[in-house]
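Below you'll find the structure, written out as structure tokens, and then a few comments.
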Amino acid sequence: MTPESHSLTGADAMTGPPPGCPAHGRGPGGLHRLYGPEAEDLEGLYEQLREEHGPVAPVLLHDDVPMWIVLGHAENLHLVGTPSHFCRDSRIWTPQIEGMVKPDHPMMPHIAWAPICSYAEGDEHLRLRGAVTGAMSTIDYRSIRRHINRYTQRLVNEFCEQGEAELISQFAEHLPMAIMCEIFGMPEEYNDRLVQATRDLLKGTETANASQAYVMGVLQGLAQRRRKEPADDFASHLVLHPAKLTDDEVTTHIWLVLMAAYEATVNLIGNVLRAVLTNPGFRAQLNGGQMTVPQAVEQSLWDEPPFSTVFAYYAKQDTELGGQRIRKGDGLLFGIAPGNVDPRVRPDLDANMQGNRSHLAFGGGPHECPGQDIARGIADTGVDALLMRLPDVQLDCDEDELEWRHSISSRHLVELPVRFAPKPQQDIMQKPGHAPIPQQRPDWQVSTEAPQQPAPAAAEPQPQPAAVPPPAPAPTPEPVRPMGAWRRFLRWWRGY
């Protein structure tokens, strides 16, 4: 008997469409590719897939590896919130078992299993995740906000006198790293080299391996120091947690938190600033008080989430999702960006989403992002502080000139050039502001009457110095009424 071939659609995935079929130009089985020329406009492709297949659609990854992408908001929540049906362990992924996924596959860094909490299940997941969330719970967010304000002051001081800046490389890519170093307990390690190595690692360039070695070396040194000399920081609490993580586990999980929080926050800051600079209505709401910066951050998490998709979830058994038959071992992409614009939850994409945190930007279920409050805090405090320093900041190019680096997993703004009137530097220990505090008058007068003007001096034959008008007589105080018994009782009752 010939065994049934594994396929997302129940048919042979390697069978191409007949000649003349509109599906020509697609991949095997007439499936859309999430790479190459067809995927230059992923947003448009997702909507085409939604129209053709509904909330769950079959697609092809690089090398025409079959995969599902989940497009519906409710279906994505079911995917991440049902660990009995779906997991993140790629070792059960059928295409990988069958040898379709080569070791050098472009998505391998996102897919390869590792002994970390993001991929673990059951008791091991509880142990590792518990250590991470336990260390997170010790973070003093008030103190971190002070650091965000100070680092924002420091970064803005570097370009405020020039009247122009590039806010991605000079601000958005530096602020999250500086704050993460404070949180981890290694502020002295924050420098341009660490920022550049992390950016290089995330881009996957030819020098990415060397950058990975540098970053891991820094984090290994931190784990070893905190094992010997604990302090009140994230790394120390991770080392001392009752889960008893090894040095390798501590290093790996600090790296995991750093990579996820850093890239997400860089993208989030860039997206919020772009919206402020290119959307007059958005900025008017901020300036007019109808929207706070935290609310602007939440709106951005709906419209432009830091990660477009997350690789990946895998079916632990035959099941059904969004009207599609999902077989055991199938892979599914957690579709954050397409899920956020599902017309069933957002029929009007221009509608205000203030106060609504049901977006998919930080995932959900057992693997929901544990550092989402850090990302929100860095973004809303940092953007607010920047706008306080540069209230007149304007985009220094046409909006259609902005460039993006696209991938299946994210959409990263490359540059955000701005201009503004040159500003003086400010003390980094002070709260950010855009104008000095006016000197207070020695005597405050509260009155609804117009101030009296001195009478003009009478004309003299020879010019004389103007006479100083005598001070206005003090108003006669009203006689104090004696307090009755009821008023004396009220004063006693109120503690006066």
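The values are calculated or read from the model by the stated rules, or taken from the named source; none is laboratory data. What you are looking at is a predicted structure, and each value in this text was computed from that prediction instead of being measured. Note that we place each Cβ from the backbone using ideal geometry, even for glycine, and neighbour counts take in every protein chain shown. In case anyone asks, the SASA skips ligands and DNA or RNA and just uses the protein heavy atoms, side chains included. Shrake-Rupley method; radii C 1.70, N 1.55, O 1.52, S 1.80 Å.
Some points to look at:
- Single match in 243, 165, 235, 172 (criterion: buried (at least 21 other Cβ atoms within 10 Å of the Cβ), over 27 Å from residue 405 (Cβ atoms) and either among the acidic types (Asp, Glu) or at pLDDT 95 or above (or both)): 235
- Taking first residues from the stretch 167-179 that are part of a helix (DSSP H, G or I) and partners that are among the aromatic types (Phe, Trp, Tyr) and open to solvent by less than 10 Å² (accessible area, probe 1.4 Å), the Cβ contacts under 8 Å between residues at least 6 apart in sequence or on separate chains come to 170/159; 176/262; 177/262.
- Residue match in the stretch 306-326 (condition: modelled with pLDDT under 95, among the hydrophobic types (A, V, I, L, M, F, W, C) and open to solvent by less than 20 Å² (accessible area, probe 1.4 Å)): yes
- Test for residue 263: is it closer than 26 Å to residue 397 by Cβ and surrounded by 15 or more Cβ atoms within 10 Å (Cβ to Cβ): yes
- Residue count for the stretch 81-109, restricted to those that are at pLDDT below 95, in contact with a Pro (Cβ under 8 Å, 6 or more places away or on another chain) and outside any loop (DSSP other than H, G, I, E, B): 0
- Filtered residue count, the stretch 122-150, keeping only those that are without any contact (Cβ under 8 Å) to a residue 60 or more places away in the chain and either of a type outside the set (A, V, I, L, M, F, W, C) or open to solvent by less than 20 Å² (accessible area, probe 1.4 Å) (or both): 9
- Any chance residue 112 is surrounded by fewer than 16 Cβ atoms within 10 Å (Cβ to Cβ) and either within 19 Å of residue 325 (Cα to Cα) or at pLDDT 95 or above (or both): no
- Residue in the stretch 32-46 that is nearest to the chain's Cα centre (by Cα), counting only those that are open to solvent by 60 Å² or more (accessible area, probe 1.4 Å) and touching a residue at least 60 places away in the same chain (Cβ under 8 Å): 43
- Top-ranked residue in the stretch 406-446 [being out of contact with any helix residue (DSSP H, G or I) (no Cβ under 8 Å at 6 or more places or on another chain) and modelled with pLDDT of 80 or more; ranked as farthest from residue 42 (Cα to Cα)]: 424
- Residue 205 fulfils the conditions (1) surrounded by 13 or more Cβ atoms within 10 Å (Cβ to Cβ); (2) part of a loop (DSSP other than H, G, I, E, B); (3) of a type outside the set (Phe, Trp, Tyr); (4) without any contact (Cβ under 8 Å) to a residue 24 or more places away in the chain except for a single criterion, (1).
- In the stretch 334-357, the qualifying residues are those that are within 17 Å of the chain's Cα centre (by Cα) and at pLDDT below 95, and the one that is most open to solvent (accessible area, probe 1.4 Å) is 357.
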